[in-house]
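**Q** Can you keep this structure in mind? I'll have questions shortly.
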Amino acid sequence: MGKSRARRFRRAPFFPTGPEQHRDLEGDPEEEPAAELLEKLQHPSAEVREYACASISKLLQQKHVIPAFLQRDVVRCLGPLLMDHSLAVRETAAGALRNLSACGGFEVCDDMVTKDIMTPLVALLKECSTGLDGNQLSPKKCRENQLSPKKCREMNKNYIEDIANEAINLLWNVCECNNTAVYIFNKEGCLEAVLHYLKKYSTNVDLAISVANCLQAVTEDNPDLLSSFNASAQQVLETVMLCPESTMKHFLLRTLIAGTIWNIKDTIPPGSLGSMVNAILKIFSESLAIDAGETIIRMNEAEKKRLKLAAEAETEEYMSDVIDNCVLGEDDGMEEIPKGKVRRENDISDLLPSDKWELEEVTALLTAQQTALEIIVNMCCSEDPSDDEWEELSSSDESDLFMENSYNEGSGLLMSPLCLSDEVNSAFLNNLIPKKILEKTAFPNSVALDICTQNPSWKPLIKKLNAVQCRALTCLQSILLVSDVDCLGGASALQSLAQHLSQLVFSKTELPTDTEFLEAITSALRALLQTMASKNISQCMTPEQLLRLCEAGIHSSNASVRVNVVSILGISGSVLAKGQDTAETLKMIGKFLLEVAMKESSLVVAGEALDALFDVFADGKEAEKAAVQIKLLPALKEFQPVFKMRMRKEGKGQYSTDQLCVLDNVKMNLRRFIAYQETLGKTPT
């Protein structure tokens, strides 16, 4: 009802099973009862405890088994093992708790904090931070000793870093869900330990990414932590944000750290804020410039080549073993080498993932792009930066994000130069419609989609590709709501954007049905049409297209989609009402909106439909003619007491205070609109 509002993203949910050790496990462990596995946690053998933790960790990825473990107090059983004298047990216990926090959700995380998981977790984090720099074999030493890369990694396994990675992810999960956990993070001075882990970014990017995720979570809306970000802490963040490595994981790392720095911007000296924001935008620009579809194609080919070479090497090694056995002879007393892998009792090697470097790189890229777009959306919703800060920003031209022409006629895409606005927010936001963001609103590369569809391990990327597209559309919506038309490229640029968005909706035979996409595209269209209508810029969507979209959207299970399509119809109808020979179209729009108002289950959507009716039939000869023909006045007079009754019965408890205030306004406007129609003499004949 009224203008749409910019959406603000909360932190993205953490990975359901974590991005690393426990994510791509294949097969099921031997399913032992929860009670038996929990009992093994007390076994005197560290090997048995490790196996029990790893088995519990795998089982906890299945939501239906979590209640059985919770009933047996799994948190208090696993918690003490975070400080077990065996490092391997610590790692697997932390991994199990991490999976519990991720798969259990908010209620389980609350329960974990209530059962004091933070005490051993904080102790573990602080202890690990003092032992990060253990001796390891250098790559040169490995080559000198003729060790394979795999063997070198095994010998170099740094349990401290692996434990820290699991613990940091557990910390991230509980702090994401529970304010008490964040309070303990602040009180116990965990920031210092966490930043110490971040310094390992050059040798352990996975650990650094986990830390960056955690930092972005704990710094959001946490003013009590700001004082801890002294010059030294800010220097660590700046160093990581400016690291030169070019892997996709490092793109993700820099993006997350950029988000953290944005969260703590109040600690940045005013004179440095402009360069800091430009540095952040440059990082976002770099990650958004990468074509994810082409990257998927390239990485998939790289994976195939690597696996082929590995298979050939394995065959050569097997043939070498066969030849050696033949030379040794049958009666040398040596035991025959088994063809299959013999699994020792309590062995956990089959619970660990295989190497999927290429897939991890693509996943990191898509996560970086999604995160960058979400942060841009939040920047659009940011509150009360000072005029001096924005002026300082606008005078800086360090970011290549703004080095493009205001409008690219060939592509038909909006491109904004750096420009100032009298409005505080728009002074910054006008610069955020570059070609790179608009490209992300397109449908994913069809070849890349085929690769993901045909490869089970790559299939989850489809959801991430779609998420990036939806975030880009939401980013466009936010920018449209706060930016000045001239700085958006003018009327022609807006019309080109309208054609682009229309093509996304109508390019296929059937209209899109995905709820997330529908919400994003209708939100962007709503904001665009509002902007165009306010400046009397002609619309490019035909009435038939609008009605087709609205008829599809009104059946969505998502109330936001229904609100958007009703609003879109109201905006377009109000424009048509000012034209010539539009009565027939206005009749169709009026009938549609009346039906929604009277039959819609959600009062919010019904109220939006009434609001749209008020806009469409507020003025104009064509609107007056159409109103008479669809008998608008008697229909609204009959519906008025029904709407009042629904508000009395359904209002309390089902809707927020803000929603009720808006609905009260709709009720008042309905009374006024009926009175207005009556003064025009629009009574039925």
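**Q** For the stretch 546-556, does any single residue satisfy the condition of being farther than 23 Å from Ala597 by Cβ and either of a type outside the set (Asp, Glu) or over 26 Å from the mean Cα position of the chain (by Cα) (or both)?
**A** No - not one qualifying residue is present in the stretch 546-556.
**Q** Does Met276 count as hydrophobic (A, V, I, L, M, F, W, C), modelled with pLDDT of 95 or more and either open to solvent by 10 Å² or more (accessible area, probe 1.4 Å) or closer than 19 Å to Thr367 by Cβ (or both)?
**A** It is false that Met276 is hydrophobic (A, V, I, L, M, F, W, C), modelled with pLDDT of 95 or more and either open to solvent by 10 Å² or more (accessible area, probe 1.4 Å) or closer than 19 Å to Thr367 by Cβ (or both).
**Q** Also: Residue by residue through the stretch 249-272, note down the ones that are over 25 Å from Trp357 (Cβ atoms) and among the aromatic types (Phe, Trp, Tyr).
**A** Trp262
**Q** Right, another one. Which residues, counting only those in the stretch 173-205, are modelled with pLDDT under 95, within 23 Å of Cys109 (Cβ to Cβ) and charged (D, E, K, R)?
**A** Glu176
**Q** Which one of the conditions (1) assigned to a loop (DSSP other than H, G, I, E, B); (2) touching a residue at least 24 places away in the same chain (Cβ under 8 Å); (3) out of contact with any helix residue (DSSP H, G or I) (no Cβ under 8 Å at 6 or more places or on another chain) does Pro44 fail to meet, given that it meets all the rest?
**A** Result: Pro44 fails condition (2) only.
**Q** Let me ask another. The conditions are (1) within 23 Å of Val563 (Cβ to Cβ); (2) touching a Lys or Arg at 6+ places or on another chain (Cβ under 8 Å); (3) open to solvent by 20 Å² or more (accessible area, probe 1.4 Å), and Ala491 fails exactly one of them. Which is it?
**A** Every listed condition holds for Ala491 apart from (1).
**Q** For Asp133, state whether it is assigned to a loop (DSSP other than H, G, I, E, B) and at pLDDT below 85.
**A** Yes; evaluated as a whole, the condition is true for this residue.
**Q** Still on this structure: Report, by residue number, each residue of the stretch 618-658 that is more than 23 Å from Phe592 (Cα to Cα), open to solvent by 20 Å² or more (accessible area, probe 1.4 Å) and part of a helix (DSSP H, G or I).
**A** Arg648, Lys649, Glu650, Lys652, Gly653, Gln654, Thr657, Asp658
**Q** Still on this model: Can you tell me which residues in the stretch 51-62 are under 11 Å from Ala96 (Cβ atoms) and open to solvent by less than 40 Å² (accessible area, probe 1.4 Å)?
**A** Within the stretch 51-62, Ala52, Cys53, Ala54, Ser55, Ile56, Ser57, Lys58, Leu59, Leu60 qualify.
Residues are listed down the side, and each one gets a yes or a no for (1) modelled with pLDDT under 95; (2) open to solvent by 40 Å² or more (accessible area, probe 1.4 Å); (3) assigned to a helix (DSSP H, G or I):
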residue	(1), (2), (3)
Arg49	no, no, yes
His64	yes, yes, yes
Val75	no, no, yes
Leu78	no, no, yes
Leu81	no, no, yes
His85	yes, yes, no
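Residue by residue, here is whether (1) more than 26 Å from Ile163 (Cα to Cα); (2) of a type in the set (A, V, I, L, M); (3) assigned to a helix (DSSP H, G or I); (4) more than 18 Å from the chain's Cα centre (by Cα) holds:
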{"residue": "His196", "(1), (2), (3), (4)": "no, no, yes, yes"}
{"residue": "Lys200", "(1), (2), (3), (4)": "no, no, yes, yes"}
{"residue": "Thr239", "(1), (2), (3), (4)": "no, no, yes, yes"}
{"residue": "Arg254", "(1), (2), (3), (4)": "no, no, yes, no"}
{"residue": "Gly259", "(1), (2), (3), (4)": "no, no, yes, no"}
{"residue": "Gly271", "(1), (2), (3), (4)": "yes, no, yes, yes"}
{"residue": "Ser275", "(1), (2), (3), (4)": "yes, no, yes, yes"}
{"residue": "Arg298", "(1), (2), (3), (4)": "yes, no, yes, yes"}
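The values are calculated or read from the model by the stated rules, or taken from the named source; none is laboratory data. Only a predicted model underlies this, so the values are computations on that prediction, with no experimental measurement involved. Glycine also receives a Cβ, built like all others from the backbone with ideal geometry; neighbour counts cover every protein chain displayed. Keep in mind that these areas ignore ligands, DNA and RNA; they rest on the heavy atoms of the full protein, side chains included. Shrake-Rupley method; radii C 1.70, N 1.55, O 1.52, S 1.80 Å.
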